[in-house]
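Heads up, the thing below is written out as structure tokens.
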Amino acid sequence: MSMENLQSLSIPFDLKSGLSSARTSTTRLLSQMRGMYHDTAAYDALLSEDPLVYEFYELGLPETSGNIAFGTSIVKPGKVGDEYFMTKGHFHTILDTGEVYYCLSGKGMMLMENPEGDWEVQELSPGVAVYVPGRYAHRSINTGSDEALVTFFAFRADAGHDYGTIETKGYRKLVVERDGKPEVVDNPKWTQQ
Ligand code: ZN
């Protein structure tokens, strides 16, 4: 039997919190997201607390084209200046592979953009599935004020993660709070070349 022949498996995820008692999550603290929020002064001010921004489960399935990687992503509520807590976001290394996210709880947005600069945003709320097409980088953003944004995701297990320009310049668009509501605005790092 090759490594690709997995046995079936069953893993509980809490429907509300997305947490699993069977696995350990990977955590992302604010200090691991340097340069990703546009308000660097607000970022530095919040570093003394170094809050947990998000966590997710990686199940360690063999990264083959026939397997489907899945898990939950949990983005905490909060903001850096006027910019909501969010995941780093990534392209897939095999660029043309899609992904599906199903929102379990909380409120937020999926921000997507392709290398050509086309972008899309979809709202996430409990019971809504969002399909991220191939070629689009994707980032979950918690626009709620006091609840985690919890999603279940699934994608081709060999797709890989490529942070590309995201870690240095971010997305072309930002989602910020304006008059108490989320708004998509241009990222100054992209417009001031
Ligand atoms: Zn992905």
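Per 10 Å bin from zero, what fraction in whole % of the C-alpha pairs of the stretch 142-193 is there, up to the bin with the longest pair?
19, 31, 39, 11, 0
Let me confirm the definition first: pairs of Lys residues in the chain, 8 or more apart or on different chains, C-alpha distance under 17 Å. How many are there?
Lysine pairs meeting the criterion: 15.
At a 1.4 Å probe, what is the % contribution of carbon and sulfur to the accessible area of the chain?
Solvent-exposed carbon and sulfur of the chain make up 49 percent of the total.
Calculate, axis by axis, the spread of Cα positions in the stretch 98-149 along the three principal axes, and write the results as whole Å, longest axis first.
35, 18, 11
For the stretch 127-154 and the stretch 16-65, what is the separation of their C-alpha centers, rounded to whole Å?
Cα centroid of the stretch 127-154 versus Cα centroid of the stretch 16-65: 14 Å apart.
What three numbers, in Å, describe the spread of the alpha carbons of the chain along their principal axes, ordered from the longest?
For the chain, the Cα spread along each principal axis is 55, 36, 30 Å.
Would you tally the net charge around Trp190, using a Cβ to Cβ cut-off of less than 11 Å, leaving Trp190 out, and scoring K and R as +1, D and E as -1?
+2
With a 1.4 Å probe and all protein chains left in place, how much accessible area per residue does the stretch 26-186 have, in Å²?
I get 43 Å² per residue for this part.
Counting other Cβ atoms within 10 Å of each Cβ, which GluC sites (Glu not before Pro) in the stretch 77-146 have at most 11 and sit in a DSSP loop?
Glu116
When only Cα pairs under 8 Å and 6 or more residues apart are kept, what is the percent relative contact order across the stretch 9-136?
Once divided by the residue count of the stretch 9-136, the mean separation gives 20 percent.
How about the stretch 154-193: which chymotrypsin sites (Phe, Trp or Tyr not before Pro) there are in a DSSP loop, with at most 10 other Cβ atoms within 10 Å of their Cβ?
Passing both the DSSP loop test and the Cβ count: no residue.
The values are calculated or read from the model by the stated rules, or taken from the named source; none is laboratory data. Values in this document were obtained by computation on a predicted structure and should not be read as measured data. FYI the Cβ positions are ideal-geometry reconstructions off the backbone, even for glycines, and counts take in every protein chain you see. Quick note on the areas: whole protein, heavy atoms, side chains included, nothing else; ligands and nucleic acids left out. Shrake-Rupley method; radii C 1.70, N 1.55, O 1.52, S 1.80 Å.
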